[in-house]
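Contents: one structure, followed by commentary.
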Amino acid sequence: MKYQSQKVAYAYFLVAMILFAVQVSGGLLAGWIYVQPNFLSELLPFNVIRMLHTNSLIVWLLLGFFGAAYFLVPEESERELHSPMLAYVQLAILVLGTAGVVVTYVFDLFAGNWLLGKEGREFIEQPVWVKLGIVVAALIFLYNITMTVLKGRKTAITNVLLLGLWGLVLLFLFAFYNPENLALDKMFWWYIVHLWVEGTWELVMASILAFLLLKLTGVDREVIEKWLYIIVATALFSGILGTGHHYYWIGTPGYWQWIGSVFSSLEIIPFFAMMSFSFVMVWKGKRDHPNKAALLWALGASTVAFFGAGVWGFLHTLHGVNYYTHGTQITAAHGHLAFYGAYVSVNLAIITYAMPILKGRDPYNQVLNMASFWLMTGGMSFMTFVLTFAGTVQTHMQRVLGENFMDVQEGLGLFYIMRWGAGAAVVLGAILFIYAQLAPRREVISRSASEEA
Amino acid sequence: MREVMTKTMARNVFYGGSLFFIVVFLILSAQSVSHIKNVSTVHSELTESVAKGKRVWEENACINCHTLMGEGAYFAPELQNVMNRWGVDDDPEGAFEVLQGWMEAQPSGIEGRRQMPQFNLTEEQIRDLANFFLWVNKIDAQGWPPNEAG
């Protein structure tokens, strides 16, 4: 660790991993309700579990991004963080807000209260007081990081990272705008959801990847940073108007069908570029970095993101296809692999890279960590295939033949059982990952043994 | 590649191009807002009851089981056209009665069947919710959903 203040990243990664465990457990529970619909139905209904599943995902990914920023910005800017103290205050606010959200969702004590009650628009269900807390925490973060960057060396990596983080915070302000007109509500809701995951978050992801490849491969900074600009350019050129693929059927004008189809088809380009860039840099690079697990996660993230976000996104993005697949299990399949590949994996990559440095020791549990990669990636891939088949059957029976929703769902039972099995593998992988990060343990394969082989 | 484009060029293309696409997006957004206000949602009046019904919809996190216009969780049926499916899309009183009957019957408790919670809505809330669904049903959504099943 070059700079003492990088240490704050450790606390962020720790909380992120706890919420990661909550998120996958919630997913496993929700998946089980698909198999056994009466399970917990009066105690903890499906909608509450799903809110916990999606919200904890979003919060832990953001905590991971914050942690990544606190870790890599001092190194890039070549100076200590502006204020480690503020970074801890920010984390405390976010932890308090998260606890508040869980209590609000599970016990629903303040239903209907404008300040304390949950708001109930998908993914931004947090009560107003938590949303305000998020804004305060985000402002502290931006202040802290921006001051650090301004006083230090400016690099393309910090430029792009900062742009992504500023953008995502500003876009979150649309969470406070909830028009009575549902069509308007949906249109601006996508300003947050789409322009996060297919815009600003891609900037964050690309800059974290660039930082990792810079460190892991030893390729020249000039080359990496030029690529970074090209990749984020293709991301925003396609992603901004690509928002149109959410404006097909919500009361917005018909021209979005063409704009959305064309530009969202191009959204595959940044993901293809990120994947090719990662592999090319590794091939070109001469450095043999000891943290092999971090390299695996970095390459894995860019590859699975290409399939999950790129290929599975393209699968149902053309409006002629989307007319039939919109809001079926096809969407669920895409959503799961895209989030896992792009944002979960990139977070786990930076955590894997940073943890040994933050703890001041060599990488340990690399074999366990890599096993967790294959377990989670295998599980998510199988889940995606199964849901894609379920979605194809659902699309045909419900959207083409016009059969009743619940009748169709009952016919999909076998797929949901297999999906649950895949989910169980992911949960095991997640536990293994967290264990590999936190519990020191002697390597199964010693250095000398692998060198001999 | 190095000869074709320098880092500075790449950076300028990124900033310039992004700005261009943001401007185009904002112009189209403005046009879309006007389309929504003046064309696609004018077939039914957005009354106070409809607005209150939307709050009922949100406060009970209905979107985390159902979809509405195809967005939400995929655990329970699409509700944009629910009044159409129930055959009461032009009959507010009928819509209220059917919805009230449905809400009061939950949870069904049938073994092996997905359960909808009992939300203990007041009569007024159910009326507002029914009006909200009737209003949503009249949004011009470019012919979506493809059929009554939603």
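The values are calculated or read from the model by the stated rules, or taken from the named source; none is laboratory data. Just so you know, these numbers come straight off a predicted model, no measurement behind them. Note: ideal-geometry Cβ built from the backbone for every residue, glycine included; neighbour counts use all protein chains shown. These area figures cover heavy atoms from the full protein model, side chains too; ligands, DNA and RNA do not enter into them. Shrake-Rupley method; radii C 1.70, N 1.55, O 1.52, S 1.80 Å.
Can you give the accessible area per residue of the range A:1-153, in Å², using a 1.4 Å probe?
Averaged over the residues of the range A:1-153, the accessible area is 38 Å².
Starting from the amide H of B:Glu78, placed 1.01 Å from N in the peptide plane, find each other amide H under 5 Å away whose residue is 5 or more places distant or on another chain.
Distant-sequence amide H within range of B:Glu78: B:Thr67.
Mind listing the phi-derived Karplus ³J(HN,Hα) values for the range B:22-27, rounded to whole Hz, using 6.51, -1.76 and 1.60 with θ = phi - 60°, and x for any glycine or proline?
5, 4, 4, 4, 5, 5
Using the alpha-carbon atoms, what tilt in degrees (0 to 90, nearest 10) does helix A:46-77 show relative to the longest principal axis of chain A?
Approximately 20 degrees, to the nearest 10.
State to the nearest 20 debye the size of the charge dipole of chain A about its Cα centre, where the only charges are +1 on K and R beta carbons and -1 on D and E beta carbons.
1100
For the protein assembly as shown, what % of the accessible area comes from carbon and sulfur atoms, probe 1.4 Å?
67
Based on the alpha carbon coordinates of the range A:1-153, what radius of gyration and maximum Cα-Cα distance (Dmax) apply, in Å?
Looking at the range A:1-153, its Cα Rg and Dmax stand at 17.8, 58 Å.
Can you pull the Kirkwood radius for the range A:206-437, inverse mean 1/r over Cα pairs, to one decimal in Å?
Values: mean 1/r = 0.0525 Å⁻¹.
Averaging 1/r across every pair of different Cα atoms and inverting gives 19.0 Å.
Amide H neighbours of A:Thr155 under 5 Å, at least 5 residues apart or on other chains, H built in the peptide plane: list them.
Excluding prolines and chain starts, which carry no amide H, there are no hits.
So how do A:Ile93, A:Ile33 rank on accessible area, 1.4 Å probe, biggest first, that is with the largest at the start?
My answer, sorted largest first, is A:Ile93, A:Ile33.
Quick one: if you take sqrt(5λ) for each eigenvalue of the C-alpha gyration tensor of the protein assembly as shown, what semi-axes come out, biggest first, whole angstrom? Could you put the intermediate results ahead of the total?
Details: eigenvalues 334, 140, 109 Å².
Semi-axes from the Cα gyration tensor: 41, 26, 23 Å.
Where in the range A:261-289 is the amide nitrogen less than 18 Å from a point lying 7 Å along the Cα-to-Cβ axis of B:Val39?
Output list for this probe position: A:261.
Could you work out the percent of alpha carbon pairs in chain B separated by over 20 Å, rounded to a whole number?
When every Cα pair of chain B is considered, 60 percent fall beyond 20 Å.
Please list, by residue number, everything in the range B:88-120 whose backbone N is under 12 Å from a paramagnetic label point 7 Å out along Cα→Cβ of A:Glu42.
B:107-110, B:118
Test of understanding: what is the full-extension gain from B:Ser108 to B:Leu26, defined as 0.36 nm times their sequence separation minus their Cα-Cα distance?
In short, 24.8 nm is gained.
Taking beta carbons within 10 Å but only from partner chains, what does the mean come to for residues B:109-118? Before the final figure, lay out the partial values.
On the way: counts 3, 2, 3, 5, 5, 9, 9, 4, 6, 2.
Mean partner-chain Cβ count within 10 Å for B:109-118: 5.
Can you work out ³J(HN,Hα) from phi for every residue in the range A:207-215, in order, using Karplus 6.51 cos²θ - 1.76 cosθ + 1.60 and θ = phi - 60°, giving whole Hz and x for Gly and Pro?
3J(HN,Hα) across the range A:207-215, in whole Hz: 6, 5, 4, 4, 4, 4, 5, 4, 6.
Taking θ as phi - 60°, what are the ³J(HN,Hα) couplings along the range B:117-127 by the Karplus curve (6.51, -1.76, 1.60), each to the nearest whole Hz, with x for Gly and Pro?
Once θ is set to phi - 60°, the couplings for the range B:117-127 become x, 8, 8, 6, 7, 6, 4, 5, 4, 5, 5 Hz.
Between B:Glu97 and A:Val128, what FRET efficiency follows from the Cβ-Cβ distance if R0 is 35 Å, with the result rounded to 0.05?
About 0.50, to the nearest 0.05.
Helix A:366-394 against the longest principal axis of chain A: what's the angle in degrees, Cα atoms only, rounded to the nearest 10?
20
With r as the distance between the Cβ atoms of A:Arg79 and A:Ser265 and R0 = 51 Å, compute the FRET efficiency 1/(1 + (r/R0)^6) and round to 0.05.
Efficiency at R0 = 51 Å is approximately 0.75.
Mind pulling the per residue volume of the convex hull built on the Cα atoms of the range A:89-219? Å³ is fine.
In the range A:89-219, the Cα convex hull volume per residue is 124 Å³.
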